[in-house]
Amino acid sequence: MTEGTICLVGCGFVADLYMRSLRLHPGLRVAAVWDRDADRLAAFCAHWNVPAASGLDAMLAALPPEGLVLNLTNPSAHFEINAACLAAGHHVYCEKPLALRVEEAIELAETAREKGLQLGSAPCSVLGEAAQTLGHALRSGIAGTPRAIYAELDDGFVPQAAYRKWISASGAPWPFEDEFRTGCTLEHAGYYLAWLIAWFGSVRTVVAASAETVPDKTGAGPMAPDLSVATLFFHTGMVARLTCSIVAPHDHRIRVIGDAGVLSCNAAWDNGAPVRFARRVTVRRRLMEWPLPRRIRLTGPTPPKVKRWGAAAMDFLLGPVEMLDAIREGRQSRLAGTFAVHLTEVTLAIQNAGEHSGAQTMQVTCPPMEPMPWAR
């Protein structure tokens, strides 16, 4: 059981998802919480019975040096809050993205390195059972040599959804205006990008396009692209195609096409989603994947899981817990350093691709991620 102290800055919709995961980690203590909205702060702290801080400085003062700040603010505030926490000498785990500009993400990582601090980035589903199982299957060669990957992060026609009725456990509304301005690529691409980078290391070239296909969304603009399609060329030779949208029918599949068949998982936001393998066969001269794929399981015990809430069944504290373990063990967190910066860089390249960007060469590189001990 991991023990440690955390602080939360930002009490919006996503903060409740982190707090729902807290029951799986009884060794964690919330020292203080702060939000610039006093009413939202009061409602959040009353619901979860956690202490409110009078300001950012007071929150940071309540955190011991080996503790961890969870930056759960809106993306437009990520750089400012991350910089302030690092300047105060604290480790930081930030909701995606680290910053809205690659140069800012690199600057933050350099500051963390100089100060000997951890700076990590969500999403942490890459540390969950589904991602780790699929990674183990790849390393084991179950599908033979992988040749290509298709990944989808389509969430349905969200502009017509009843999103005004989406309310978190402590009463925070889904921040639809900020979500539309930030864009589905910045918000969601990391869920599968993190898996791909963990398995294959850094992306060499991004060839992408993005567009706003529904121009009349609710809220003040400008709005971000609501559709992006990217082909990713990795240094290791892997090629992957990633699609993000809030217009196409819901589809969260990832398929790894190998010489021997196809590995797949159908739910990026479910830590316990089944991983399956369909071997390739020839039936009456027809080449096909076997229609009854077998489920792939890890042999040992896996982490406990949260129950589904809304669209997700994810332990949002997997990342902070891994970072606290890394701090205690004196090693780099799996989600920190160049991994976090590269994840941000690739995501921004896809989001900002537009119509004419062409091939974009990535600046930052990182190695594949070390598997979790229970998935080796």
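The values are calculated or read from the model by the stated rules, or taken from the named source; none is laboratory data. Everything numeric in this text was worked out from a predicted model, so none of it was measured. Quick reminder, even Gly has a Cβ in these numbers, built from the backbone with ideal geometry, and neighbours come from all protein chains shown.
Of the helices (runs of 4 or more DSSP H) entirely within region 170-252, those holding at least 3 residues that are out of contact with any His (no Cβ under 6 Å at 6 or more places or on another chain), surrounded by fewer than 20 Cβ atoms within 10 Å (Cβ to Cβ) and assigned by TED's automatic domain parsing to the domain that holds ASN271 occupy 176-182. Taken as a whole, the structure places LEU287 among residues that are over 19 Å from the mean Cα position of the chain (by Cα) and not charged (D, E, K, R).
Quick check: is even one residue across region 295-303 free of Cβ contacts under 8 Å to residues at least 60 places away in the same chain and part of a strand (DSSP E or B)?
Going residue by residue through region 295-303, those that are free of Cβ contacts under 8 Å to residues at least 60 places away in the same chain are 295, 299.
So of that shortlist, the ones also part of a strand (DSSP E or B) come out as 295.
Checking region 295-303: at least one residue is free of Cβ contacts under 8 Å to residues at least 60 places away in the same chain and part of a strand (DSSP E or B).
The residues of region 322-343 that are touching a residue at least 60 places away in the same chain (Cβ under 8 Å), not hydroxyl-bearing (Ser, Thr, Tyr) and not in a helix (DSSP H, G or I), listed by number, are GLN332, ARG334, LEU335, ALA336, GLY337.
Quick check on LEU86: is it within 27 Å of THR338 (Cβ to Cβ), touching a Ser or Thr at 6+ places or on another chain (Cβ under 7 Å), modelled with pLDDT of 95 or more and of a type outside the set (S, T, N, Q)?
Values: within 27 Å of THR338 (Cβ to Cβ): yes; touching a Ser or Thr at 6+ places or on another chain (Cβ under 7 Å): yes; modelled with pLDDT of 95 or more: yes; of a type outside the set (S, T, N, Q): yes.
The answer is yes for LEU86.
Here's the yes/no breakdown for (1) in contact (Cβ under 8 Å) with a residue 12 or more places away in the chain; (2) closer than 17 Å to SER168 by Cβ; (3) not basic (Lys, Arg):
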| site | (1), (2), (3) |
| --- | --- |
| MET19 | yes, yes, yes |
| HIS25 | yes, no, yes |
| ARG29 | yes, no, no |
| ASP35 | yes, yes, yes |
| CYS45 | yes, yes, yes |
| GLY55 | yes, no, yes |
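Within region 62-86, which residues are in a loop (DSSP other than H, G, I, E, B) and either surrounded by 15 or more Cβ atoms within 10 Å (Cβ to Cβ) or out of contact with any strand residue (DSSP E or B) (no Cβ under 8 Å at 6 or more places or on another chain) (or both)?
Filtering region 62-86 for residues in a loop (DSSP other than H, G, I, E, B) gives 62-67, 72-74.
Answer for region 62-86, where residues must be in a loop (DSSP other than H, G, I, E, B) and either surrounded by 15 or more Cβ atoms within 10 Å (Cβ to Cβ) or out of contact with any strand residue (DSSP E or B) (no Cβ under 8 Å at 6 or more places or on another chain) (or both): ALA62, LEU63, PRO65, GLY67, LEU72, THR73, ASN74.
Within region 116-135, none of the residues are surrounded by fewer than 22 Cβ atoms within 10 Å (Cβ to Cβ), out of contact with any Phe, Trp or Tyr (no Cβ under 9 Å at 6 or more places or on another chain) and part of a strand (DSSP E or B). When VAL364, VAL346 are checked against the criterion of being surrounded by 19 or more Cβ atoms within 10 Å (Cβ to Cβ), assigned to a helix (DSSP H, G or I) and either aliphatic (A, V, I, L, M) or touching a helix residue (DSSP H, G or I) at 6+ places or on another chain (Cβ under 6 Å) (or both), VAL346 stands alone in meeting it. Those residues that are modelled with pLDDT of 95 or more and part of a strand (DSSP E or B), I need them from region 253-272; list them, please. Selection gives ILE254, ARG255, VAL256, ILE257, GLY258, GLY261, VAL262, LEU263, SER264, CYS265. Scan region 40-82 for residues that are within 19 Å of VAL321 (Cα to Cα) and of a type in the set (Asp, Glu) and jot them down. Result: GLU66, single match. The single condition from (1) surrounded by 13 or more Cβ atoms within 10 Å (Cβ to Cβ); (2) under 23 Å from the mean Cα position of the chain (by Cα); (3) more than 23 Å from PHE13 (Cα to Cα) that MET323 fails is (3).
If I filter region 105-127 for residues that are closer than 30 Å to ALA278 by Cα and acidic (Asp, Glu), do I get at least one hit? Within region 105-127, none of the residues are closer than 30 Å to ALA278 by Cα and acidic (Asp, Glu). The residues on offer are MET1, MET59, and the sole one that is out of contact with any helix residue (DSSP H, G or I) (no Cβ under 6 Å at 6 or more places or on another chain), aliphatic (A, V, I, L, M) and crowded, with 23+ Cβ neighbours inside 10 Å is MET59.
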